[in-house]
1. Go ahead and set up a Gaussian network model of the chain, Cα springs under 10 Å, then flag whichever of A152, A42, A21 fluctuates most.
2. Enumerate the amide H contacts of K109 below 5 Å, restricted to partners 5 or more residues apart or on another chain; note that Pro and chain-start residues carry no placed amide H.
3. Taking the 0 to 90 degree range and rounding to the nearest ten, how far is the long axis of helix 116-136 tilted relative to the main principal axis of the chain, both from C-alpha atoms?
4. Who wins for biggest fluctuation among A124, A59, A11 in a Gaussian network model of the chain, springs between alpha carbons below 10 Å?
5. Roughly to the nearest percent, how much of the accessible area of the chain is carbon and sulfur, given a 1.4 Å probe?
6. So what is the calculated 222 nm ellipticity per residue for the chain, using -39500 (n - 2.57) for each DSSP H run with n of 4 or more, over all residues, to the nearest 500 deg cm²/dmol?
7. Gain in length, A94 to D160, computed as 0.36 nm per residue apart minus the alpha-carbon separation, to one decimal in nm?
8. How high is the relative contact order of the stretch 91-163, in percent, counting Cα pairs under 8 Å that sit 6 or more residues apart?
Amino acid sequence: MSPPPNTVSRAALLVEGSDEAFRAMVDDLTHFASRLQQIREALARQMGVTAPQYAVLMALARRPPNTPVGVKDLASRLRVSVPFIVTETKKLEALGFVSKKPVADDKRKIDIVLTDKGSLAIEAIGDRQRAVNDVLFGSLNVTKFSALRTIASELLNSCDRAFELAEK
């Protein structure tokens, strides 16, 4: 039985003509993404919310000052659909973590804001987030962190086109 064909053809991704190192890297990235999701789920549970709701809360906590954040803004930032944000913010509103207010300049738009309860929940988890992230990314120095940020952004930018090719 012959070995399976290489999964990449770009020379930069092959080592001595083999894609073994590439496949190992993809496996590592896949396992890292899975573990990162598990960590986020654990932090979310500490707050009494789901992982997607945790992501919404974190995005709202880091919103630009004095800038309304609407459904489309959140959907774009989190790379999810508008209906998904509508559903999750309704749940967060029912839990008392967010409220929706009309935007002063345009009453047709809403501003999704953290309530005091939402802000307190984020503050309460802060020490644990710092400890987790310090351990999770403890192997990175300034140079590696900068490189990882660039690489992660570049890889994410290529995902849509790659997904289209995978779906054909």
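The values are calculated or read from the model by the stated rules, or taken from the named source; none is laboratory data. Not measured: the values here are computed from a predicted model. Ligands, DNA and RNA are excluded from the accessible area calculation, which covers all protein heavy atoms including side chains. Shrake-Rupley method; radii C 1.70, N 1.55, O 1.52, S 1.80 Å.
1. A152
2. Result for K109 returns V103.
3. Value to nearest ten degrees: 20.
4. A11
5. In the chain, the share of accessible area belonging to carbon and sulfur is 57 percent.
6. -22000 deg cm²/dmol
7. On the way: separation 66, 0.36 × 66 = 23.76 nm, distance 3.35 nm.
Value of the extension gain: 20.4 nm.
8. 18 percent
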